[in-house]
1. Be a star and scan the range 231-248 for residues whose amide nitrogen sits under 20 Å from the point 7 Å along the Cα-to-Cβ vector of residue 286.
2. How far apart, in nm, are two points set 7 Å out from the Cα along the Cα-to-Cβ line at residue 130 and at residue 64?
3. Normalised by the residues of the chain, what does the relative contact order come to in percent, with Cα pairs under 8 Å and at least six apart?
4. Run down the aspartates and glutamates and flag those whose C-alpha is under 18 Å from the C-alpha of residue 26, throwing out any fewer than 8 positions away in its chain.
5. Taking square-rooted eigenvalues a ≥ b ≥ c of the alpha carbon gyration tensor, is the range 1-100 rounded, prolate or oblate, where a/c under 1.5 means rounded and, failing that, a/b exceeding b/c means prolate?
6. Kyte-Doolittle cut-off -1.0, length cut-off 15 Å along the helix's own axis using Cα: show which whole DSSP H helices in the chain pass.
7. Leaving ligands and nucleic acids out of the surface, order 94, 295, 29 by accessible area at 1.4 Å, largest first.
8. Which of the lysines could a cross-linker bridge to residue 123, judged by Cα under 18 Å and excluding same-chain residues fewer than eight apart?
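The values are calculated or read from the model by the stated rules, or taken from the named source; none is laboratory data. Just so we're clear, the structure is a prediction, and the values are computed from it rather than from any experiment. In this analysis, Cβ positions are derived from the backbone assuming ideal geometry, glycine residues included, and neighbour counts consider all displayed protein chains. The protein model used for the area step is the full one, side chains on, heavy atoms only, and it has no ligands, DNA or RNA in it. Shrake-Rupley method; radii C 1.70, N 1.55, O 1.52, S 1.80 Å.
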Amino acid sequence: KDRGAATGVRREVDATGKTVLRHVKKGVRDFNFGRILGEGSYSTVYFATDRQTLKEYAVKVLEKRHIIREKKIKYVNIEKDTLNRLTEHPGIVRLYYTFQDEASLYYVLDLCNGGELLGVLKKTGTFDVECTRFYGAQILDAIDYMHSRGVIHRDLKPENVLLDDNMHVKITDFGTAKLLKDPREAHSQQDGSGRGLPDRQADFEDNSRAASFVGTAEYVSPELLTSKNACKASDLWAFGCIIYQLLAGRPPFKAGTEYLTFQKIVNLDYEFPPGFPPAARDLVERCLVLDPTRRLTVEHIKNHEFFDGQGFGKSLWRGKAPRLRPYV
Ligand SMILES: C[C@@H](Nc1nc2c(c3cc(-c4cn[nH]c4)ccc13)C(=O)N=C/C2=C\CC1CC1)C(C)(C)C
């Protein structure tokens, strides 16, 4: 079958002579590929335009041979399953289509023209309190939605927080997410950390994969370094690191080598620069808690004084993003 077939619905006559409408998958030839937007370890993301609709997308291309050789098939499936679970939130990159050809897999996704939050932060150096509150609230709202759908991101960091045309947040890069098997976990605080529901410990991911993955050094939570088990609170540890970094211009735990960075994390060895806003300091201190069961939850954070006056409903995603100003 011609993979590059035009899109949409085609009228055909089936074996019994009945006229049927067939949905035809999009293919590589339905898109004009443009520049490279970003490169991951197993993928390249291109700018692309749909030739029929002229809509612009980001297309993530994964080379099959590379994935097989590097034994990453599981990660590819996790990412696709995760993207297919997270379809109804403005703060999550949306997957529209997938297709393949002999050599590669293709994911057609939201185009985030604002690029990575890290890039924007590097340009301004730091964010002022208003910007930190707005971007912190959007990231937190997206985390809340992910967790409600039983997804733990496990590698949240400013490189994976993208920005769309309105400079609103789009969380991406779910190849290392952890999908809680039992959706019941999704709607409660119990979340695979084995807390409170010991009998369901078995429900969770096979520990072999969990054991093998560790996030990006600066944002990885202490429990992932010590017990190899990520939980929803692990994403809130990363959230605390991101809030600190937006205001300070650098992450709280950063050393010359990964090992020394891990040392700082498990020893909670960090300090605030002079003039760090007190409400933000209190919030960060209550997220960067070694014991995941004592860390603030999403609900606690939404009610923290740092977010006083910040709505978390639809208004958060409708309003204009604040002009980016450095925290001086
Ligand atoms: C984090 C990711 N980088 C990026 N991933 C995506 C972008 C993206 C866009 C720019 C950009 C746009 N304008 N200027 C820069 C720079 C980096 C991007 C996008 O627009 N849409 C979906 C993406 C990813 C979705 C896919 C994970 C499911 C890595 C480095 C892994 C390739």
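1. 232-248
2. Computed distance between label sites residue 130 and residue 64 equals 5.3 nm.
3. So the answer I get is 15 percent.
4. Once the sequence-local aspartates and glutamates are set aside, what remains near residue 26 is 2, 12, 50, 56, 101, 102, 110.
5. prolate
6. Passing helices, by number: 73-85, 129-148, 232-248.
7. Listed by decreasing accessible area, they come as 29, 94, 295.
8. Within the straight-line limit of under 18 Å, residue 123 reaches these lysines: 157.
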